[in-house]
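One structure is given below, encoded as structure tokens.
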Amino acid sequence: MQPAGSRKFPRWLFGLLILILLIAAGLYWRSMHAPAQLQAGPPAGGPPEGGRPHGGRPGGGGNPMRPGFGPNTGPTPVRVAPATVGDFPVYFKALGTVTATNTISVRSRVAGELVKVAFQEGQMVKAGDLLAVIDPRPYEIALQQAQGTLAQDQAQLKNAQMDQQRYKELFAQDSIAKQTLDTAVALVGQYQGTLLTDQANVNNAKLNLEFTQIRAPISGRVGLRQLDVGNLVAANDTTALAVITQVQPISVIFTLPETTLDPVLARVRSGATLPVEAWDRGDRAQQASGVLHSIDNQIDTTTGTLKFKAYFDNKDLALFPNQFVNVHLLSDTLKDVVLAPSAAVQFGTNGTFVYAMDGDNKVRIRPLKIGASDGNVTVIEEGLAKGDRVVLEGTDRLRDGSTVEVVNDPAQVPTTPGQHLKGEDAAGKQAGTGHRSKAGV
């Protein structure tokens with residue numbers, strides 16, 4: 001038996017060591033000979049495989065530059081539009097809620113059976129129109145009873161008055177005592193008071209009988225019916241027969257932030273009538289035109305806004321109570337200001353600017369001071385004059401002094417991703433198409 005220290009080295013491990021040494025030697029030899037092959041150059045007869053010219057960068061030779069900025073690049077196709085001079089309406093925009101001018105819950109003022117409903121659900125009614133009828137027979141009987149009591153007391157009063165006249169004559173002849181005459185006078189006064197009470201009872205019975213015919217207190221639209229014929233109705237019941245909303249005229253309540261109140265309040269204090277437009281929820285179609293009617297007396301401290309109310313004729317019934325609308329309040333109209341398309345306005349690290357045409361085939365960066373905008377047109381306070389042409393499309397390929405070609409067809413302007421340059425050429429491009437700040441709101 002061999003000792004533990006004298007065991008033979010395994011043959012398979014020895015063979016694995018030799019294989020590893022051979023692979024390492026091959027890799028070393030290959031790495032030593034690769035530079036020599038590169039220095040030898042490609043074989044005669046053309047460029048190496050892949051079409052790359054020797055001595056250049058993959059994909060072409062020369063000194064490639066970013067697209068649109070190379071010295072050999074032709075003029076950039078662009079679309080332009082001129083700056084104009086005109087009037088610019090300044091609108092404040094807000095979300096408003098349509099509110100009925102008046103809302104009335106119609107209830108019966110007398111108790112009884114509902115025997116007739118005289119309106120259609122959703123119908124437009126005028127003040128005084130018949131809406132429903134309560135069974136009038138009990139109230140007709142009550143009126144007859146009151147009238148009978150009145151007639152009875154009238155007869156008694158007449159008899160007392162004749163007795164009083166006779167007693168006066170007898171007293172003048174000293175035929176009766178003074179007490180008898182005084183009693184006759186008091187009885188006449190008693191019957192006169194009774195007649196006043198009887199007449200009041202008659203009037204009350206007539207009023208209750210009139211209340212059996214329920215009429216519209218205001219003009220407006222009737223809502224859905226709440227009770228059907230045959231129901232017993234209590235006086236001033238909690239369940240209304242119907243609800244009438246006055247929708248002509250109709251009001252819209254909206255709010256404006258306190259930071260934008262100064263120009264609006266200045267116009268209101270001057271006595272000017274401010275037009276208000278109501279647009280649909282998508283702000284695509286105008287639904288009604290009206291005027292600003294009133295202003296709340298305090299600012300809401302939780303939201304920092306002030307409430308406004310506008311009135312609309314609503315002749316075509318386009319507005320419904322509790323409807324949400326977009327409100328456009330015309331605060332002022334700027335006269336004879338320079339206007340430029342909002343799509344031409346660019347925003348860079350050095351401020352707002354446009355690419356303006358310098359001659360027929362070059363553009364220059366023109367710094368701007370802008371005013372109000374409606375998303376399509378922007379007021380230019382400084383930087384442009386009437387007739388200056390500004391670039392609308394193709395600005396992604398431009399820098400100060402670029403050569404351009406003016407085209408009319410938008411399809412001729414290539415679509416390119418925005419290029420963010422340094423300094424004056426920088427532009428967080430194409431922010432102008434999303435720039436909507438009607439008077440800063």
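The values are calculated or read from the model by the stated rules, or taken from the named source; none is laboratory data. Predicted model only: the values in this text are computed from it and were never measured. Neighbour counts are summed over all protein chains in view; Cβ atoms, including those assigned to glycine, are modelled from backbone coordinates with ideal geometry.
Condition check ((1) within 22 Å of D360 (Cβ to Cβ); (2) of a type in the set (G, A, S); (3) in the same structural domain as V345 (by TED's automatic domain parsing); (4) modelled with pLDDT of 90 or more) across all residues:
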{"residue": "L384", "(1), (2), (3), (4)": "yes, no, yes, yes"}
{"residue": "V390", "(1), (2), (3), (4)": "yes, no, yes, yes"}
{"residue": "D409", "(1), (2), (3), (4)": "yes, no, yes, no"}
{"residue": "A431", "(1), (2), (3), (4)": "no, yes, yes, no"}
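Can you tell me which condition G193 does not meet? The list is (1) within 30 Å of A160 (Cβ to Cβ); (2) surrounded by fewer than 17 Cβ atoms within 10 Å (Cβ to Cβ); (3) modelled with pLDDT under 90, and all the others hold.
Here G193 clears every test but (3).
Output the residues belonging to the range 320-332 that are over 13 Å from the mean Cα position of the chain (by Cα) and either more than 15 Å from S373 (Cβ to Cβ) or among the charged types (D, E, K, R) (or both).
At the first step, the residues of the range 320-332 found to be over 13 Å from the mean Cα position of the chain (by Cα) are 320-321, 330-332.
Scanning the range 320-332 gives F320, P321, L330, D332.
Can you find, within the range 175-187, the residue that is farthest from the chain's Cα centre (by Cα) among those that are more than 21 Å from L157 (Cβ to Cβ) and modelled with pLDDT of 85 or more?
First, pick out the residues of the range 175-187 that are more than 21 Å from L157 (Cβ to Cβ): 175-179.
So of that shortlist, the ones also modelled with pLDDT of 85 or more come out as 177-179.
Numbers: A177: 90, K178: 87, Q179: 85 Å.
Per the stated criteria, the residue is A177.
How many residues are crowded, with 17+ Cβ neighbours inside 10 Å and in contact with a helix residue (DSSP H, G or I) (Cβ under 8 Å, 6 or more places away or on another chain) when one looks only at the range 109-148?
8
Quick check on this structure: which one of Q147, Q154 is polar (S, T, N, Q), in contact (Cβ under 8 Å) with a residue 12 or more places away in the chain and under 30 Å from S108 (Cα atoms)?
Numbers: Q154 fails: under 30 Å from S108 (Cα atoms).
Going through Q147, Q154 in turn, the sole match is Q147.
Scan the strands (runs of 3 or more DSSP E) fully inside the range 134-248 and keep the ones with 3 or more residues being closer than 30 Å to Q323 by Cβ and in contact with a Gly (Cβ under 8 Å, 6 or more places away or on another chain).
Once the strands (runs of 3 or more DSSP E) in the range 134-248 are filtered for at least 3 residues that are closer than 30 Å to Q323 by Cβ and in contact with a Gly (Cβ under 8 Å, 6 or more places away or on another chain), what remains is 242-245.
Step by step: first the residues of the range 307-345, then only those that are more than 30 Å from T84 (Cβ to Cβ) and small (G, A, S), then the one that is surrounded by the most Cβ atoms within 10 Å (Cβ to Cβ). Which residue is that? Give the steps one after another, and end with the answer.
From the range 307-345, those more than 30 Å from T84 (Cβ to Cβ) are 307-325; that's our starting set.
Subset that is small (G, A, S): 310, 318.
On the way: A310: 24, A318: 18.
The qualifying residue surrounded by the most Cβ atoms within 10 Å (Cβ to Cβ) is A310.
Could you grab the pairs with beta carbons closer than 6 Å, sequence gap of 6+ or different chains, first residue in the range 289-300 and closer than 17 Å to R269 by Cβ, second one part of a strand (DSSP E or B) and of a type in the set (S, T, Y)?
These pairs meet every condition: H293/Y311.
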